[in-house]
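The values are calculated or read from the model by the stated rules, or taken from the named source; none is laboratory data. Treat the numbers as computed from the prediction; the structure is a model and nothing was measured. So basically every Cβ, Gly included, is an ideal-geometry build from the backbone, and we count neighbours across all protein chains shown. What goes into the accessible areas is simple: the full protein's heavy atoms, side chains included, and nothing from ligands, DNA or RNA. Shrake-Rupley method; radii C 1.70, N 1.55, O 1.52, S 1.80 Å.
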Amino acid sequence: MLCHLCFSCIKHIIKGDGLHALDFGQKNKQDEVMYQDIIPLYAADIHDQLKKQFAYLSGGRGENGCPVITFPDYPAFSEIPEKEFQNVLTYLTSIPSLRDARIGFILVIDRRQDKWTSVKASILRIAASFPGNLQLVLVLRPTGLFHRALSDIAFRFNKDEFKMKVPIIMLGSVSELQGYIDKTQLTEDLGGTLDYCHNRWLSRRTAIEGFAQKVKQTAQILQSFGTELAETELPNDVQSTSSLLATHTEKKDKMKEDIRLAVEQGDDILGSITKPVTENPEYKLNQDQLDNQTTVERLLAQLHETESAFDEFWIKHQQKLEQCLHLRNFEQNFREVKAALDIVSERLSAFTDVGNSCSHAEHILKDLANFEEKSCEIVAKARMLASEGDAFIQSNHYAVDSIIPKCSELHHLCDALATEMERRRNTLNKSLELHGLLEKTMRWCDEGIYLLASQPVDKCQSQDGAESALQEIEKFLDTGAGNKIELNKVYREYAHILNEDLKEHIEKVFQKQESMEEMFQKRQVSLKKLAAKQTRPVQPVAPRPEAFVKSPCTSPGLQRDCVSNTESGVLRKVNYRRGKSEMSELHQSRGGSTMDDEENLAVLRQHVMNELIETERAYVEELLCVLEGYAAEMDNPLMAHLISPELQNKKDILFGNMEEIYHFHNRIFLRELENYVEYPELVGRCFLDQMEDFQIYEKYCQNKPRSESLWRQFSDSVFFQECQRKLDHKLSLDSYLLKPVQRITKYQLLLKEMLKYSKNCEGAEDLQEALNSILGILKAVNDSMHQIAITGYDGNLNELGKLLMQGSFNVWTDHKKGHSKVKDLARFKPMQRHLFLHEKAVLFCKKREENGEGYEKAPSYSYKHSLNMAAVGITENVKGDAKKFEIWYNAREEVYIIQAPTPEVKATWVNEIRKVLTSQLQACREASQHRTLEHTQSLPLPASSCTSPSRNNIRNMKKMDERKADLTSLEGYVTTVAPKYPEKGKGWAKTSHSLDASEENDGWSSAEEPLNSSDAEEDGGGGGGGNEMKLTPGKYTVVTDYEKGVSEEFAVKGGDVVQLIREGEDGLWYVKNLTTGREGWIPANNLLMLIGNSKSAQSLSSSESGTASSTLSTSSSCSDSCNASSTSFSDIKG
């Protein structure tokens, strides 16, 4: 609650309902202006009555200061209502001060123009109604002789009738009146000089009383407002407190304005009273004017006193409200700052990692420094808030008990945060020191291993070479004092930062150090033996010449058999021992050389592995740096003002899926690599296990053009410059956005190096496979970059299957349909086309170079047309050019001659197309065989006694089966179903023929045997097979009638078109008569006779290629069984 102030001056004004100085006949002892206990009359209330002027207070005074009330000659005096008469007399007697009123009033009754009867009535009425004390009554009797005499006589005899306690003096003239009242105290109508204007007097009285009421109302409002302020509860939040302060201030300002207006009103009244004196200093104010002046001055003084008291109270009230507002702001800021400090403390507690390398520890230190820089603002704000609270305490704030604990808590949190920050920094510095020591030891061990590997084995065989190698080793070991680690000392000195990972790392380093020292010791022992070995003198012995001529032995170890039998046994023993020693040394030398070579390769493999892991760690750290220093900052509200509106919400475009790449490398790949650090030759398996995850780079590279375009637009943004400054990067962001592209290409170089040093190792095959897979990913990435540049294709490229190949070629076209001149022009004028080979279609596009920079400079490809792979055939070789091959469509209705840049490119494309067609053929065969098997199970088996073929035929049939089994190698033609394809507007070049049009013999490829190929026809047959006809599935025209099938209902006639579906056992073929629709079994030898030399009704094309070409097609159906099953190739593939 606000403290309640006592407005004494306001109470003086407000007490009672009237103005004390204006009340008449009261019994209060104090002569104050505002005291009164009864309801007063105001001039404004009886204005009309006063205006009649039947009585007035001129302001004149008698000898004793008695107020003079004048009753002028008023003819209608007797007609004045009693109530009006009483009101006027009451009001006039209330005007003088209480002191003057107590002395009594002098009444001057002017009846000079009246009759005695009127005089008598007037005196009696006045005597009966006058409310105040009377001092003297002076009556100016009528001036007429009769009425004058009558008044004298009547007054003497009727004196007692007036019932007045004061003397009544009858005066005959104004001069007599001046004997009782000074001339200066009488108005001009009574022969005096007193300046009196009744209208002016009435106006002034009304103004003074209005001012008094204004003062009273102002005092009452101030008291009410003060009570309201004193009883107002303090709000508990900033907004309410601020609103309350604003509301109270607004009310206070209104009160002050009312007071100012009241003061102006009082000053105006006071000025009008004193105006005569101001204009004429010799002018004397009458007592009434002086009383009015005193009244107004006291009202003004009281008003000023009231205003001062209110101002004093308001200052305290405002101070308390402002303190309350400060307190609420302090409490709100305290909650915000404490929450921010808690977050900082929580994030600081997350800095538990001490790093796994120097670079990692440095990166964490840099992160800690950046974190400290960001948190400094919060800590500074907290300390400033604590200082603000201390200032409140010093200024005797009313809520000191609430502020002190909060200030103490803020100081404690800031100090604790600073202490913890320093502890974390010291821990990381210690970790950096430890990692530096470990890496220094690792480098020393690597240098030692390199030293051992670089010492040439052949030179070490000599004494000088061995001694020189020993000196190198000893010189190197002397450097170990500053590079070696002592396990116990490290554990003791860095005990407070060691965790399980660090201990394991220290153990590995120490083991490597011990292993290296052990290698040095072994090498020293070996070299010391070589250096200490002395060549023994050998006594020359002359053997018989024929011993060396006849002996085929050249080995020193066998020379003992070639020496003469006459030599002494001692000599034979010496030679034998020398030979054995030399042989042993030779084997030792060779074995040592092989061992050293393998040791050198192991060192090189380890070097490549170290480079792979170290660069991987650096790569992960760079990705993290970019994600935290740039990508995360784009979502930081504190940095939002630096980001232009066009750049907002573009983070995914700028950074692509870099975060996904980072998580894969940081959480999976780097950890897997570290598991192979001791087995570098097996690292290929690590790549193969994670090969599917490397596909994420394709998405990143496909987004790279958009990212680079966006970067060029905003590369000079203040946001990027600020981020670069905070990260202390010398290179801008675009250099780091290129890191993933550079990294994926780096792997294949490292794998090649590792493979070069691991040819004879266990993991060589995995390394080769991993290298091939990485190269495949790079190719897929490169192909996808070209694929996304295709424009004008209305369909969905993803529906065409995987992109297998892409490249630029010269293309000639040769179509059956079309104008001859157009065909001739197309034949001789090649088109530049960029081909995209998908699993389901091949796209022909026109390459268009674009202007621009970076990725925008890459070409785009305008889509021209496409061919469905289900209706495509190929001719591998074209006469006259080893770089050409053919792609033809719908049984050579459209032929495209493709010229590759090199024969190697052609071979690659042909092989890839062959694989696609093979997979399609295999899928169609499986569907056809499945359908035929189901159909065959419902047919009767042929009787072996009726159509038993000869053994030769059976052997021929078996050979044909074997040849069919070889069709998967693509030495013949491929036959598949020709489904209906989408129209050109949907992405396909044109609609192929459906199976319903098979009877028209359009769009079918030849049978699967090579004898039906265009190349075989040009060579005059089936490659040396004579004129013997070999049956293959397909359509044929019957040249003679046949009515003896295995099934009695099956018969064919000359001219019928039959479909050879499949070959069964015992030389039987299952045939369908397409003319009649019947099916049945026919022996192969009879079938050869029926169809004679007719060719397949669906011959593919006549190839224009050389004799060695092989034609491949997928434009036809396998058999009607495929049709009967209603399963198209596209359905099978789908």
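At full extension, Arg102 and Arg383 could sit 93.7 nm farther apart than now, given 0.36 nm per residue minus the alpha carbon distance.
Over all alpha-carbon pairs in region 202-306, figure out the percentage whose distance exceeds 21 Å. Beyond 21 Å sits 48 percent of the P(r) for region 202-306. Can you work out the base-10 log of I(q)/I(0) for region 248-366 at q = 0.13, 0.18, 0.23 1/Å, using the Debye formula on its C-alpha atoms alone? At q = 0.13, 0.18, 0.23 Å⁻¹ the computed log10 ratios are -0.77, -1.00, -1.20. Rounded to the nearest Hz, the phi-derived 3J(HN,Hα) couplings of region 357-363 under the Karplus curve 6.51 cos²θ - 1.76 cosθ + 1.60 (θ = phi - 60°) are 6, 4, 4, 5, 5, 4, 5, where x marks glycine and proline. Working from label points 7 Å from Cα in the Cα-to-Cβ sense, the Glu660 to Val400 distance is 6.5 nm. Ligands, DNA and RNA left out, the accessible area of region 386-488 computed with a 1.4 Å probe is 51% carbon and sulfur.
Between Glu839 and Ser644, the C-beta separation translates, for a Förster distance of 35 Å, into a calculated FRET efficiency of about 0.20.
Counted residue by residue at 0.36 nm each, then reduced by the alpha carbon distance between them, the extension gain from Gln695 to Glu250 reaches 153.2 nm.
For region 200-259, with all protein chains in place and a probe radius of 1.4 Å, 47% of the accessible heavy-atom surface sits on carbon or sulfur. With q set to 0.22 Å⁻¹, the log10 of I(q)/I(0) for region 291-428, from the Debye formula over equal scatterers at the Cα positions, is -1.20. Protein heavy-atom accessible surface, 1.4 Å probe, per residue over region 253-332: 50 Å².
Residues in region 186-251 average 45 Å² of solvent-accessible surface per residue, probe 1.4 Å, ligands and nucleic acids excluded.
The mean of 1/r over all distinct Cα pairs in region 593-686, once inverted, gives the Kirkwood hydrodynamic radius of 16.0 Å.
Toward the positive end of the charge dipole of region 79-123, with +1 on the Cβ of Lys and Arg and -1 on the Cβ of Asp and Glu, the farthest Cα among Val119, Gly104, Gln86 is that of Gly104. Look at the dipole of region 418-531 built from charges on Cβ: of Ser454, Asn488, Leu437, the Cα furthest out on the positive end belongs to Asn488. In plain terms, the chain from Lys338 to Gln86 could stretch by 82.9 nm, reckoned as 0.36 nm per residue minus the Cα-Cα distance. For region 691-765, the spread of Cα positions along the three principal axes, ordered from largest to smallest, is 56, 27, 16 Å.
By the Kirkwood approach, averaging reciprocal distances over each pair of separate Cα atoms, region 716-804 gets a hydrodynamic radius of 16.8 Å. Computed from the C-beta positions of Glu628 and Lys802, the FRET efficiency with R₀ = 41 Å rounds to 0.70.
Largest first, the extents of the alpha carbon coordinates of region 621-766 on the three principal axes equal 60, 26, 23 Å.
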